[in-house]
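One structure is given below, encoded as structure tokens.
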Amino acid sequence: MRDQQSTTQMQNPISQAQDAVKSAKNATAQVQSHPTEQAYIGAENAIEQAERAVAQAQTSENHRAVAESTEQLEEARKRLNQTK
């Protein structure tokens with residue numbers, strides 16, 4: 001049981017980062033389809049939150065998941081910048 005708790009605790013920052021990046025991607029897609037100032041601000045906030053979550057996940061041993069989250073976050077950031 002203790003090993004399961006340790007595994008869950010290690011994965012939690014990764015899961016949080018993945019969820020935050022998914023939200024950032026969705027918010028960016030919203031800006032692309034409905035480019036309002038409110039949507040843009042929401043997307044910027046979602047990206048900032050994802051940046052913090054990915055930064056916290058950097059200490060994880062699952063380097064592949066962190067790298068994928070970082071890459072997806074960069075893609076979302078680029079798409080948002082293209083809508084300016």
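The values are calculated or read from the model by the stated rules, or taken from the named source; none is laboratory data. These numbers were taken from a predicted model, which means no experiment stands behind them. Cβ sites come from the backbone with ideal geometry, for glycine too, and all protein chains shown count toward neighbours.
Assorted remarks:
- Glu74 at pLDDT 95 or above, of a type in the set (D, E, K, R) and surrounded by 15 or more Cβ atoms within 10 Å (Cβ to Cβ): no
- The lone exception for Thr8 - which of (1) loosely packed, with under 12 Cβ neighbours inside 10 Å; (2) modelled with pLDDT of 95 or more it fails: (2)
- Counting only residues that are over 14 Å from the mean Cα position of the chain (by Cα), surrounded by fewer than 16 Cβ atoms within 10 Å (Cβ to Cβ) and touching a residue at least 24 places away in the same chain (Cβ under 8 Å), region 15-44 holds 2 of them.
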